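Read-outs: derived from the displayed coordinates by stated rules, not from any lab. None of these values were measured; they are calculated from a predicted model. For neighbour counting, all protein chains shown are included, and Cβ atoms are generated from backbone atoms with ideal geometry for every residue, glycine included.
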4 protein chains.
Amino acid sequence: KRPREYGIRFGVMPTGSLNAITDVPGVRVGQVTIQQGANIRTGVTAILPHEGNIFQQKAPAAIYIGNGFGKLTGYSQVEELGTLETPIVLTNTLSVPTATDALIDYTLAQPANGEVRSVNPVVGETNDGYLNDIRGRHITKQHVLQALQQARTGPVEEGNVGAGTGTVCFGYKGGIGTSSRKLPTSLGGYTVGVLVQTNFGGVLQIAGVPVGVKLGKYSFKEKLDGSCMMVVLTDAPLDARNLKRLAKRAFMGLARTGGIASNGSGDYVIAVSTAYRIPHETTNPFDEVKLLRNDNMSPLFMAAIEATEEAIINSLFAAQSLTGDQGHQVDALPVNQVLDLLRKAGQI
Amino acid sequence: KRPREYGIRFGVMPTGSLNAITDVPGVRVGQVTIQQGANIRTGVTAILPHEGNIFQQKAPAAIYIGNGFGKLTGYSQVEELGTLETPIVLTNTLSVPTATDALIDYTLAQPANGEVRSVNPVVGETNDGYLNDIRGRHITKQHVLQALQQARTGPVEEGNVGAGTGTVCFGYKGGIGTSSRKLPTSLGGYTVGVLVQTNFGGVLQIAGVPVGVKLGKYSFKEKLDGSCMMVVLTDAPLDARNLKRLAKRAFMGLARTGGIASNGSGDYVIAVSTAYRIPHETTNPFDEVKLLRNDNMSPLFMAAIEATEEAIINSLFAAQSLTGDQGHQVDALPVNQVLDLLRKAGQI
Amino acid sequence: KRPREYGIRFGVMPTGSLNAITDVPGVRVGQVTIQQGANIRTGVTAILPHEGNIFQQKAPAAIYIGNGFGKLTGYSQVEELGTLETPIVLTNTLSVPTATDALIDYTLAQPANGEVRSVNPVVGETNDGYLNDIRGRHITKQHVLQALQQARTGPVEEGNVGAGTGTVCFGYKGGIGTSSRKLPTSLGGYTVGVLVQTNFGGVLQIAGVPVGVKLGKYSFKEKLDGSCMMVVLTDAPLDARNLKRLAKRAFMGLARTGGIASNGSGDYVIAVSTAYRIPHETTNPFDEVKLLRNDNMSPLFMAAIEATEEAIINSLFAAQSLTGDQGHQVDALPVNQVLDLLRKAGQI
Amino acid sequence: KRPREYGIRFGVMPTGSLNAITDVPGVRVGQVTIQQGANIRTGVTAILPHEGNIFQQKAPAAIYIGNGFGKLTGYSQVEELGTLETPIVLTNTLSVPTATDALIDYTLAQPANGEVRSVNPVVGETNDGYLNDIRGRHITKQHVLQALQQARTGPVEEGNVGAGTGTVCFGYKGGIGTSSRKLPTSLGGYTVGVLVQTNFGGVLQIAGVPVGVKLGKYSFKEKLDGSCMMVVLTDAPLDARNLKRLAKRAFMGLARTGGIASNGSGDYVIAVSTAYRIPHETTNPFDEVKLLRNDNMSPLFMAAIEATEEAIINSLFAAQSLTGDQGHQVDALPVNQVLDLLRKAGQI
């Protein structure tokens, strides 16, 4: 069960109907989970902003770097041009090149892209090398293409799945999590959806309750470190500048869970709008766009903060104990104990 | 009484002895509070990193911009050169030029600075225009020089004082707050001190307890907006790059109080190290420095997050109800109700 | 006479009719030159992007920092919000606060701005402290307001005027310079206008001819240092992201004159579009804008490079020898020798 | 013959003995040129800052982005941590993942790196898709490893070699170029070496002479576009902040050749110091470093500008006419005509 089903609330804004990134219309997620033998615990998660040819119909996008100890590809072109031209793929640290190459394959192979000679894949990662034989680089291009192909709308699987298969978060089993917010009509009615790959440390706090302290498991008491990839989608009509501001708020959501963005952390937020598209080629010299004014951004900021906080906690509730490489074992969050703590705090 | 005296705890690290920015050796704070008649509610807070001539003995420094809707001066030179060469002054939005000019006066007037023809004052602000007749620009250079002159080590006054005289935070009276953390020797033993000028909105959370929701006072239910200036001092030997990383963590501390960095927010963090100085002139072509390694930054990151969270809440506990310009009235945080909520949540 | 009247050509694109920043329709420039007694050699240059109330009708804008050893105010808000809400004022380093305060006066005083409690003045500077008694801070608010009031369209005075009164460039007398480019209709037909305040060093190159070397006057042979403020206006419909890219190209134009952006240099470019305005308040939640596509930016980039190069050289041709503070004397560029060199090089 | 052998001079500072990036002691370059059949015209260029294990002994580094339409990997970690932990590899756009993967192989395979689970490869590129069948992705990991293995000190081959095999610059055949500057002892005596992969457009200017205009070949007269990768090595003891400033000056050198950093350009500068190393692991909590002061940076800035300008022109002089994919043909720079033009301009 997801935290919200236990009555836990994160913030004050209502969720979308699935409480998932896929509440943003047209957004699809595909995941491939790779668990083989004693030591392979990894995978791929792909997020597609729309159902068309993303290279030909680019999506407005921006990337915020919380802490840059990571291997995200595609940063500079997104920043320079303000657009995303491939799906977003998440995987493990040492498989970024494979996933990048697969996105090139994917792009070149699309019928309308026969003349494409340059493409900017966006691939993020966290390091699952504690549970996964990461040096073995077991992700293949086929795995990535499969994740892209099976991407779909609707509910998103959370926990030990896709790029979250082998991750560790606050000393517990981390993974993929997702959440969304739907603004009231008076604030624009937009949806903000977030998907996270959780693999980081700090002092876990759930809906404000200091769970990490109570359970005696937190950074510098134990050695906790690592990264968090965050993907934010919205149907609000934002340009790259305001998407970057939105992305920064996801990082604030991470802070609310007790994350500290430690030195070794690769904390990146990729924010994308589905409200309009920028054609790769057109005879119109202009992009004619209707952009939400700066003045109307604040509700979206709050939505991104809340949805990111919830997505991270969702990943922890969904993830299950796992044994992997070198016999390393990571326990799932002890949900019953956590629920007890939240009950005592009056949070459920 | 400060929150900690009620038993409220923020995070897991111990505070310095004063739980104030002045726990960092040599750091001095001076404040001038200006309350006159029915409509003047403003002031000046000055922070001096060391007792010497700051222009001649510059301090390593960096500035992180959370949300840049603000009028901070001095940003680009600090970023380019990695040093601070004046005290830091905080005041109200429309008095930044006056304070900047006063810092020039202050610098030019120092005996060793007789040939100085260029100086980079660092002045931050938030907008106290709800309680204060800000358009009247009642801050004078004399007020600023007075704040500098009376700067001292030791306890720092909080609440409706100095640059926090007229500010509003989470719909309650905001102000100046301060806090510190002292790392255990095993983590380096360094002190991180924070001082904040709180004037922002969101959904107030105190030590994780959703006070804003419980009291029915939060952004988009009411119109809350505004800014937060944060100053971080440390005796850890950091260069500008790692100071900027540290500064970013203060912004994460703000997130933990429920701040959302709304569109209209000017959220800036100025981080300064007192561990060494960069002489303005010297015959040595080199800065010979002993810098903390990246690997050892994470405890400092956690310290900055915790101290910022606590400093913000401290400002709210210390501030008192105030009536000002146009009869506007802002109530103090209802501390008794808050303590009740924290008791129910098991946080005290 | 301006360089172009001698037949010197900079690049390949045609100029606007005035070869000035005021070729961009609606742009006005006002300058106040302050020469008093033996040691006051300074001034103010104001650039207004349009004739309306700039606070109420903000202009899309961005700022690029070449080398940040300078005191520009207003950077972070322009970057965060993508708009300019005051005229741009240039002056000397230590008079930035005075000019900033004057821009606040100017803004608050406008009839429609009666409720304004926050405004982000943009003031740039270079250091005229060799010829001017800069420590005396002889610029008054009245000087700044006068520059704003007398701003007008039409030809722009160059050389020892306004903020360029006391500046030094490549060891010769610098000052204010301006130039423009008008793209052919096939490339969009847009105008790019540049105004510079030149006060920097390097190895002077005029239309590619190594004048500095030939005249034996260049950095590290002599002590040359300093800054360059660049203002770029265009009627091309650009948002802040593409304006920042355009601004960066002005810095490339500086490089073409032999500037090296030395350590002590404050090289800033403020780029503004006049093609549309962002209202301060409106009932429309959207900015409905028609923006030039990324693909069409390159001709504007070339225009900004060429116009900046020419504006800098124009400032040198226009400036006249000047004696100032402490009897310091700076000679004008020896135009006849320069013309000889250019003739020999086949450049005229 | 290289331009300097014809008597062409770029700037005023002396070169190192090889006039190559390898004038910086310990720096090695390895190149693999891949020309096969009618349509494969590509390659790999690797630059190694020192002869040790770069992962274990990281080099201080920074990256400046001129125009970010490119696929450089490794940016954010270099920026966050200020270090380079792999060799730098340059190749073609669509082979970046292959080269990245090869750098992972290379790093994991080194004896001391048996426990490495995270590594940040730095791979840059330009697009050789006009002469090369870039969609075929003909670079293999073996090619990259070979470039790394055969890296050596001494003279560096220029022109149609390595990553410059199939590039086009100012409408002529581009390629690899290199140059260096050695500061006089009075300015520190440091060496700055630059290596470029030239593939861009604009209005070619050689030692200030407007060659592009004279030959009737320039942007918007013809369709010229593209990118330039620049690598700057120095033995000056700089930290990441000053290396980034140095990197920016290489971009100024590009401007001096007539480059315009067009919309489609991926212009990146990677700057690395060889003066000290940051160990991956150590018991010392500090980096004890002796860093060149800001005040002493300007001569290095000039050196980087000059060396980059010369390296670009060197690439054009060395490159030879080439026919490649789809029968596309690109002519070499007509050196004799160019020399004539330079003679007429008095530049040789």
Exercise. With chain D rotated onto chain A, spot the residue of D whose Cβ lies nearest the axis and note the distance in whole Å.
Key: D:Pro97, 2
Quiz item: Amide H to amide H under 5 Å from B:Ile278: which residues, 5+ apart in sequence or cross-chain, H placed 1.01 Å off N in plane?
Solution: B:Lys58, B:Ala59
Quiz item: What ranking do A:Ser186, C:Ser219 get, fewest neighbouring Cβ atoms within 10 angstrom at the top?
Solution: A:Ser186, C:Ser219
Quiz item: In a Debye calculation with equal point scatterers on the alpha-carbon sites of the range A:1-65 and no solvent, what is log10 I(q)/I(0) at q = 0.13, 0.29 Å⁻¹?
Solution: -0.64, -1.19
Quiz item: Quick one: Debye curve from the C-alpha atoms of the range B:188-245, no solvent, what's log10 I(q)/I(0) at q = 0.29 Å⁻¹?
Solution: -1.14
Quiz prompt | Pair-distance profile P(r), taking every C-alpha pair of the range C:138-279, with 5 angstrom steps and integer % | solution = 2, 9, 15, 19, 19, 15, 11, 6, 2, 0, 0
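With N denoting the number of residues in the range D:62-129, provide Rg(C-alpha) divided by 2.2 N^0.38 Å, to two decimal places. Don't skip to the answer; put the middle values down first.
Numbers: Rg = 12.5 Å, N = 68, 2.2 N^0.38 = 10.9 Å.
So the Cα radius of gyration is 1.15 times the expected 2.2 N^0.38 Å.
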Quiz item: Say a site is exposed when it is one of the trypsin sites (Lys or Arg not before Pro), sits in a DSSP loop, and has at most 13 other Cβ atoms within 10 Å; what is then the longest site-free stretch of chain B?
Solution: B:2-220
Quiz item: How many Cβ atoms of partner chains, on average, are near each residue of B:249-259 if near means within 10 Å of its Cβ?
Solution: 5
Quiz item: Which whole number gives the average count of other chain Cβ atoms within 10 Å of the Cβ atoms across peptide D:288-296?
Solution: 6
Quiz item: Roughly what % of Cα-Cα distances in the range B:78-166 sit above 16 Å, to the whole percent?
Solution: 58 percent
Quiz item: For the range D:130-170, what is the per residue volume of the convex hull drawn over the alpha-carbon atoms, in cubic angstrom?
Solution: 72 Å³
Self-check item: Teacher prompt: C:Gly114 distances to equivalent labels in other copies, 7 Å Cα→Cβ, nm
Solution: 5.4, 6.7, 8.1
Quiz item: In the range B:216-293, which GluC sites (Glu not before Pro) fall in coil by DSSP and have 10 or fewer other Cβ atoms within 10 Å?
Solution: B:Glu281
Exercise. Note the distances from B:Ser186 to each other copy's matching label point, with points 7 Å along the Cα-to-beta-carbon direction, in nm, sorted shortest first.
Key: 5.2, 5.7, 7.4
Quiz item: Quick one: what does P(r) look like for the range B:1-115 with 10 Å bins over all Cα pairs, in whole %?
Solution: 11, 32, 35, 19, 3, 0
Exercise. Taking each pair of different alpha-carbon atoms in chain D once, compute 1/r for the pair, average those values, and report the inverse of that mean as the Kirkwood hydrodynamic radius in Å to one decimal.
Key: 19.7 Å
Self-check item: Shortest-first nm distances, A:Arg343 label point to equivalent points in other copies (7 Å, Cα→Cβ)
Solution: 2.3, 9.6, 9.9
Self-check item: Cross-link pairs beyond the 31 Å C-alpha cut-off, checked among A:Lys223/C:Lys244; B:Lys71/C:Lys217; B:Lys182/B:Lys244; A:Lys223/D:Lys141
Solution: A:Lys223/C:Lys244; B:Lys71/C:Lys217; A:Lys223/D:Lys141
Quiz item: Shape call for the protein assembly as shown from the C-alpha gyration tensor, a ≥ b ≥ c root eigenvalues: rounded (a/c under 1.5), prolate (a/b greater than b/c) or oblate?
Solution: oblate
Quiz item: How much space per residue, in cubic angstrom, does the convex hull of the C-alpha atoms of the range A:290-348 take up?
Solution: 142 Å³
Quiz item: Quick one: if you stick a label point 7 Å off each Cα along the C-beta vector at A:Lys223 and B:Gln320, how many nm between them?
Solution: 5.3 nm
Quiz item: What's the percent breakdown of Cα-Cα distances in the range B:224-348 across 5 Å bins, shortest bin first?
Solution: 2, 9, 14, 16, 15, 13, 11, 8, 5, 3, 2, 1, 0
Exercise. Would you mind listing how long the range A:105-222 runs along its three principal axes, going by Cα atoms, in whole Å with the largest first?
Key: 58, 51, 24
